[in-house]
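For reference, the structure is listed below as structure tokens.
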Amino acid sequence: MDKIVIDGGVPLEGEVSISGAKNAALPIMAATLLAPGVHRLHNVPRLADIRTMKRVLGLMGVTFEESGGLMGPPLPEGALLVDTSNLTGWMAPYEVVKTMRAAVLVLGPLLARAHQASVSLPGGCAIGARPINLHLKGLEAMGVKITLNQGYVEAKTKELKGAEIILDFPTVTGTENLMMAATLAKGTTRIVNAAQEPEVGDLASFLVALGAQIEGIGTDILTIHGVEALSPAPYKVMSDRIEAGTYLAAAAITKGKVAVTNAPVAHLTAVIEKLHDAGVRCATSGDRIEVQPGGGLNGADIKTLPYPGFPTDMQAQFMALMSVAKGASVITETIFEDRFIHVGELKRLGADITISGNQAVVRGRRHLSGAPVMATDLRASASLIIAGLAAQGTTEVHRVYHLDRGYANLVEKLSALGARIKRVPA
Ligand code: EPU
């Protein structure tokens, strides 16, 4: 298994372009099931999770083309043709769902198109229990009969019907599953306390391009008027706000001068504000954010919240940054119950962090020092890379397959910014 080796201490310098958003591309790929035909998606990141979603959809008869040739001329980088003309299955097996929970996103579209779905129940994962009870409760309200059989959610409906659904928590993939199911339901569905994450909005915009009728996009109340049928449409996936935030943190921790381009600036407000609080100077212009080497780095408190609050997917990276800031920072995680697994590894690099319940107190140190560390989930891995960029000496990050799930060309992008980083077979 490969490892990433970093010789820290080099201030990053240059420009880095942000790829398409993983968490928008995944539900959009699932949503192609709703409209039989050939879809042309753009800005799809080349990531392990995207390949996994292709595998899931492939099991249902969906075919793909990403280099062109078979369905026409060569395709530009990031393009993906998805042919959903023939649906031959409706099952997402355990082998796939256990490696990528987002596979449950096929549930809503399959029910809308085939009136049935069999999806493995995702178990717990590295960051918490992560049940899908809210997805299922909402679907039941829409007339779906759900049974659990040998670890699988068996879902069937004669006809999906519109419903009033009040979510106990604004679950991201739950909102997405219900919104997708509602597009082809009979009547109107209202999802109250819907997730407002930009990726939910991007999926909604894709559905509208397919012919769906959705009001309230970007707000916490989505009203979906079911239509008879949807048809394919070309769509460009939004850029990845978490990838952008990760490069901002990497630039800040190395006191570098980096321009992050193709960034979804409007969706990064909470992250940019916290960087400002920590003394990091960020100048934005259009889709570009420039981090300038400023004075010192100060401690700043964060509390993860549903959007537009500070994203849980940036918590680990921000913690790495705070581990070398002046003073103490309190980091409160409210979205997932177990998302501090990176703490033990950051401590191996010399970070001073104490956990009490869902709060971590980080006392900034002057230096971190390189060590072998283990990646445990996607964002935890990103935090170790960030810490390694600043640490004195060599850091080896093991189990890098987590990073491959969510960061396109990470080693290449950081190398181009001057980092001494390489991927080597372990
Ligand atoms: N929850 C329930 N019941 C449900 C659904 C969620 O109790 O039916 C709880 C979860 O256990 C968790 C909280 O609600 O404590 C939030 O979960 P949510 O459903 O919003 O998360 P998700 O949809 O499973 C997506 C992203 C995650 C991101 C979270 C929060 C995708 C594919 N995944 O997960 O991304 O952390 O929203 O913003 O969109 C990542 O990219 O590294 C990642 C983990």
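Things worth noting here:
- Under 14 Å, Cα to Cα: Lys pairs in segment 22-236, sequence gap 8 or more or different chains: 10
- Residues in segment 167-195 reached by a label modelled at Thr219 [backbone nitrogen below 14 Å; 7 Å Cα→Cβ]: 190-195
- Net length gained if the chain between Ala426 and Lys257 were fully extended (0.36 nm per residue, minus Cα distance): 57.7 nm
- Antiparallel content of DSSP bridges confined to segment 22-236, in %, to 5: 75
- Across Ser369, Ser85, Ser285, mean-square fluctuation computed from a Gaussian network of the chain (C-alpha pairs under 10 Å connected) peaks at Ser285.
- Selected from Ser231, Ser383, Ser323 as most flexible by GNM, with the chain as the system and alpha-carbon contacts under 10 Å: Ser231
- Each part reduced to its alpha carbon centroid, segment 44-122 and segment 284-361 end up 34 Å apart.
- Across segment 183-191, coupling constants 3J(HN,Hα) worked out from phi with the 6.51/-1.76/1.60 Karplus curve, θ = phi - 60°, read 4, 10, 7, 7, x, 9, 10, 10, 9 Hz, and Gly and Pro carry x.
- The candidates His115, His225, His276, arranged from most to least accessible area with a 1.4 Å probe in the full protein assembly, appear as His276, His115, His225.
- The distance between label points at Gln116 and Glu13 comes to 6.4 nm (points 7 Å beyond Cα on the Cα→Cβ vector).
- Computed [θ] at 222 nm, helices only, for the chain once each DSSP H run of length n ≥ 4 contributes -39500 (n - 2.57): -8500 deg cm²/dmol
- For Ser205, solvent-accessible area (1.4 Å; no DNA, RNA or ligand), Å²: 50
- Protection proxy ranking of 166-172, 348-354 - average other beta-carbon atoms within 10 Å, highest first: 348-354, 166-172
- Each of Met1 and Arg366 was given a label point 7 Å from its Cα along the Cα-to-Cβ line. The distance between the two points is 3.6 nm.
- Dipole moment magnitude, nearest 20 debye, the chain about Cα centre, only Lys, Arg, Asp, Glu C-beta charged: 640
- Between the Cα long axis of helix 22-31 and the first principal axis of the chain there is an angle of about 10°, rounded to the nearest 10.
- Along the axis of the charge dipole computed for segment 22-236 (Cβ charges of +1 for Lys and Arg, -1 for Asp and Glu, origin at the Cα centre), the listed residues Thr189, Ile127, Gly89 are led at the positive end by Gly89.
- A Gaussian network model of the chain, with springs between Cα atoms under 10 Å, assigns the largest mean-square fluctuation among Pro109, Pro45, Pro293 to Pro293.
- Max-minus-min Cα coordinates of the chain on each principal axis give 63, 50, 42 Å, with the largest extent listed first.
- Cys282, Cys125, ranked by accessible area, largest first (probe 1.4 Å): Cys125, Cys282
- Taking a straight line from the alpha carbon of Lys326, these lysines sit under 26 Å away, with near neighbours fewer than eight places off in the same chain left out: Lys255, Lys257, Lys274, Lys303, Lys347.
- Dipole magnitude for segment 15-56: computed about the Cα centre from +1 point charges on Lys and Arg Cβ and -1 point charges on Asp and Glu Cβ, it is near 200 debye.
- Nearest 10 degrees, 0 to 90: helix 198-210 Cα axis against the chain principal axis: 30
- The long axis of helix 48-58 is offset from the longest Cα principal axis of the chain by roughly 10 degrees.
- Candidate residues His342, His398: accessible-area rank, largest first, probe 1.4 Å: His398, His342
- Here the gap between Asp338 and Tyr401, fully extended at 0.36 nm per residue and compared with their Cα-Cα distance, gives a gain of 20.6 nm.
- A Cβ-based charge dipole, computed about the Cα centre of segment 22-236 with Lys and Arg at +1 and Asp and Glu at -1, lands at about 400 debye.
The values are calculated or read from the model by the stated rules, or taken from the named source; none is laboratory data. Just so you know, these numbers come straight off a predicted model, no measurement behind them. Positions of Cβ are generated from backbone atoms using ideal geometry, with glycine treated the same way; all protein chains shown enter the neighbour counts. Only protein heavy atoms, including side chains, enter the accessible area calculation; ligands, DNA and RNA are left aside. Shrake-Rupley method; radii C 1.70, N 1.55, O 1.52, S 1.80 Å.
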